[in-house]
Amino acid sequence: MKWRPQASRDAHALARWPAFMLLASGTLSLGVAAAIGGVTLLDAVLQPPPWPNHERVAIYGRRTPDDPMRAMSPQLYDAVGQPAMVLSRGIARIPETVNVVAGRHTEILRAQRVDTGFLHTLGVAPSGTTDGGMGHGALVSEALRARLADIAPQVVGQTIVVDGSNVEIRGVLPAEYRFFSDVDLLLSLDPLNGSTALDGNMTAVALLSSASDIRPFSARVLRAARDIGPDPHGEDVRWSGATPIDDLVAYRARAPLWGFALSGVLVLAVAGMNVSQLISTRMFARIDETAVKMVFGARWEPWRSAGFDALAVGVLGFAVGLPGGTALVRLFKPFIPPAWLVSAAPMAPGWRVLSVVAAMTFVVLVLAAVIGAARVMGRLRHRERTMMSGAPAMRVTTGWTASALVLAQVALATLLVSYGMIAVSRAWLLAGTSPGFDTADGVVVELHPPMGAYPELSSVVRLADAIRSTVSALPGVEAVGWSSDVPTGRGFRMPFLRRGGGSRFIPFAVVSPGGIEAMGLRLLAGRTVVESDGSDAHPVAMVNEAYVRAFGSRGIGGFVRPAGRGAREARIVGIVGNTRRDAKGAAAPAVYVPLAQVDPHVFALMRQLQPLFVAIRGPAAATVASDALPSIVGEAAPSLALSPPVPLERIADAPLAGAHRDVALFATLSGVAVSLTAAGQYAMHSVEVAASRYALSLRMALGATPGQLLAHVVRKAFRVALSGIVLGLFGTCVMQHFSLGMVMPAGTAIGVSMAAALVMVFGTLVAVAAPASHAAALEPWRVLRSD
Amino acid sequence: MQCFTHPTIIEMRGVGKAFPAGSADCHVLTDIHLNVRQGEFVSVAGPSGCGKTTLLSLMGLLDVPTKGELRFAGQPVQHLGRAQRAILRNRHIGFVFQASNLIEDLSVAENVALPLSFRKGISRHESRRRVRDALAGVGMAHRMRYYPSQLSGGQKQRVAVARALAGNPTILLADEPTGNLDLRNGEAVMSLFSRLHAEGRTICMVTHDERFGAMAERTVRLLDGHVVDESTHQQRLAESESGLDQYSLGEPVQ
Ligand SMILES: Nc1ncnc2c1ncn2[C@@H]1O[C@H](COP(=O)(O)OP(=O)(O)OP(=O)(O)O)[C@@H](O)[C@H]1O
Ligand SMILES: [Mg+2]
């Protein structure tokens, strides 16, 4: 075989078609990138759970009807005990915020306290430990180890200061270790003492002797829960039991990501259709040459030539698509709720993903080449037939396959663009809503006074007062204060009694004097928290407008009533404006209580779950926060870590982040879809124009003006495109009707549809411009020389 | 319908046509002087490659000469743009090609209506009437709904003639209209042309076939890019002693 010179001839021939190579491999690389992106995300959550014993591990405790995750309290944990079917068990607290000092570096980190049985039950073995356990030390995540290694290479054995106490690093967690959320370190949980309200929200795991023990074990948990009775929040015990840990992983992860991976593969398929059309275009353009070669014995010429094109396009497209896919994974990763992620290992396309996508690309390209070659063969055979019958007639319509492919592409792209427009309109509407507070000249800094150094509420109050008075004396500072939450925060929620009965969990924050002013909340009525709202004074509270409406409150002079047993009610002294808290721009009812007056138990719970914030307002706020504040805090509280200052503008935009990401995601997806579709349309119509050159010049000879010919091709393109657009919009309507995906904001349906249709019309115009002008530029005398 | 009353429909004065071929141009037509008057039936003859088709493409305003003057019904056309030439073609020129060039995806009636569809101001009804008349004129009215693939070669060519006539052109141009047909079908088309000529149509036809060429009123012979001989029917009759004219119209010769 002399395939080598043949291949180099083919390569040269290809080099003479740079536009073809650019378009075909560009189009394919988009598909490859989308497929890699989708499949990688799927692969990331389909990783085996990073707990070797996962098949026999159950999570047990209470749960609420709409949340499969279970919460455990120390009493229930003790009451369930360790029956024979349980080989080992362990318990962990919810991750908490801690101050960590390593060397001269201070940082706020996330830590989780676990008992000695916890990792053992999961089967997780940290590395670097001498005895496999953590004792009273800490285990660090692989990510934190890498950071600490920059400070001192030997991480295990290093002593760090966690919330004021020295802790030795005893080992490093496996890179993939993750227990439903990312934490930087595991700390040992002191023997259960029921010390804080946080203990009601622990997570208990049990290693069963066999997976089939789950039912009897679950029944036992339920019995124990019944015996104890309802917890302080009055939660239902009926939902108590045990759930296999694998079910908790599967429940959250799979369905949406399969859809996403499928869309990625679909985009690859759409790209493949385009490659097929492009290969046909190139082959139709060389059809005479091919016919001659076949006459001289090269029977497989169309197949060989299509195969070579597909191979070249495949290699180039994959090479470009690979980094594209990695970039897409990086872009899409923030969309994956952390709860879906099983493993902490970094998300990147591994060899498994790459081989799957490579195989799919191969299949798609083989199909593309076969379809392309078959179409050309069909055309050649047709030519032969009509040649025999004397006067050849001209076939001008594109095969229905090509039209159907383009129609499907247009419909799919329209659907995606519609969703893109929905995302845009939502972001637009949201950006139009006011954040509800004054964002100019304000910054917040996060800090976390540790329990050990500041065990009492009063000590935190003293610290807050000290820092506040020093900072407020600085020039350029108009207001300074503490708060447990930022104005847009969704952090801590507490149940409050409604006037008509029943309770509702709503955002709850503590504020020091100056806090409301520093955060820029609008005072609508009454007063803000002042110095005299101390621990001995009458309990007071501030609420927002939404609270007054939702709770049927009297407003100033009314009372807020926490739902917990023995909680004190507080008189409403001030009403502030609503703030934009979520991605819908909806205002949630919120309650603010003076720091000095908060229930100490509640505060203990709050401060473990989340940090506190110092808000500073004034022309010098930013510089004070970055220059003066660290030394002021350092003097008052040596081991307290400070986060970098965050401007209030950024805080105000935080609820928009989701909407912005949606826009980014759908802009990417629909951008890819529209450009692929445009490429598909371009390919189809240039094939059509190339294949019906004679018919088009006949029309011209018969008196069609160039403009009429242009319109003829454009009209044909729009006949397919408009059907696709209508189909796509119909699909959007159906999906909206069943509330699939993002819901269209009210009153935007027509705008969204029009915008999506416009984008598609524009895409079609761009795609058909070149083929249509080629048609218009045809010379009418060609018709005299047709064969 | 506007009708040209100018006695000379096509007027060529020193017309030349060169195609760029490599470094030097290929001069296909060098110096053509030719008139086609209203009501004439002219045939163009000459050896293969002498430029007959090229000449016809200039007459039909499909292409423009590279030199000389070309007038259509007295109006100089060599400087007209593509769109203007298209409009003139549509109004005044009917084409019949060697390959009948019907569009396969259109029915016979739609094929015939094609030139009318490019013309503004023709109602649907009017267009349908003209198509019916044109097809009836070539004896193809019963095949209106057929598709080209369902027709014989001769039938296709008759449909092509109907298409050329549907727009009621000033002149009918044909490039070897019998080239792809057998003798019998060729003769049928030729008798159609004779009848059209008798009805007063102006026809200019390129043909290889001396017998068919002889049916024209006047024959123009091309050689090396210029006209070498123009003879009328009468002259040819006088000269003829051979069997050129021995066959008569409509009678197939075995
Ligand atoms: N577009 C073109 N570019 C270059 N040369 C051309 C072009 N069209 C025609 N020619 C050349 O012009 C010459 C005349 O061609 P034309 O088709 O007019 O001949 P013809 O007399 O019709 O021949 P035949 O009887 O074989 O149909 C030929 O040599 C041909 O190669
Ligand atoms: Mg010719």
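Throughout, read-outs are computed from the coordinates displayed, never taken from laboratory work. Only a predicted model underlies this, so the values are computations on that prediction, with no experimental measurement involved. Glycine also receives a Cβ, built like all others from the backbone with ideal geometry; neighbour counts cover every protein chain displayed.
Quick look at the values:
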item	result
Semi-axes of the equivalent ellipsoid for segment A:84-190, Cα gyration tensor, largest first, Å	23, 14, 12
Kyte-Doolittle mean at least 0.5 and Cα axial length at least 20 Å: DSSP H helices in chain A	A:18-45, A:245-285, A:301-332, A:351-388, A:400-432, A:457-472, A:657-691, A:706-737, A:749-776
Dipole of segment A:655-787, positive direction: furthest Cα of A:Val783, A:Pro745, A:Ala667, with charges on the beta-carbon	A:Val783
For q = 0.10 Å⁻¹, Debye-computed log10 I/I(0) when each Cα of segment A:449-640 counts as one equal scatterer	-0.39
When the convex hull of its Cα atoms is projected in every direction, mean area for segment A:569-642 (nm²)	7.6 nm²
Taking segment A:449-640 and dividing mean pair separation by its residue count, relative contact order in percent (alpha carbons under 8 Å, at least six apart)	30 percent
Where N is the number of residues in chain A, Cα Rg divided by 2.2 N^0.38 Å	1.21
Considering only segment A:54-247, percent of DSSP beta bridges that pair antiparallel, nearest 5	85 percent
Dipole moment magnitude, nearest 20 debye, the protein assembly as shown about Cα centre, only Lys, Arg, Asp, Glu C-beta charged	2720 debye
Difference of contour (0.36 nm per residue) and Cα-Cα distance, A:Arg504 to A:Ile750	84.9 nm
Rounded to 5, the percent of DSSP beta bridges in segment A:449-640 classed as antiparallel	70 percent
Distance between segment A:619-645 and segment A:1-59 - C-alpha centres, whole angstrom	50 Å
Cα pair distances of segment A:413-531 binned at 10 Å [whole percent]	10, 29, 30, 18, 9, 3, 0
Cβ neighbours within 10 Å from other chains - mean over B:166-179	1
Cα-centred dipole magnitude for segment A:54-247, charges only on beta-carbon of K, R (+1) and D, E (-1), debye, nearest 20	280 debye
Per-bin percent of Cα-Cα distances, segment A:54-247 [10 Å]	9, 35, 32, 18, 6, 0
Antiparallel bridges, percent of DSSP beta bridges restricted to chain A (to nearest 5)	80 percent
Rounded to whole Å, sorted largest first: equivalent-ellipsoid semi-axes of chain B, Cα gyration tensor	28, 24, 17
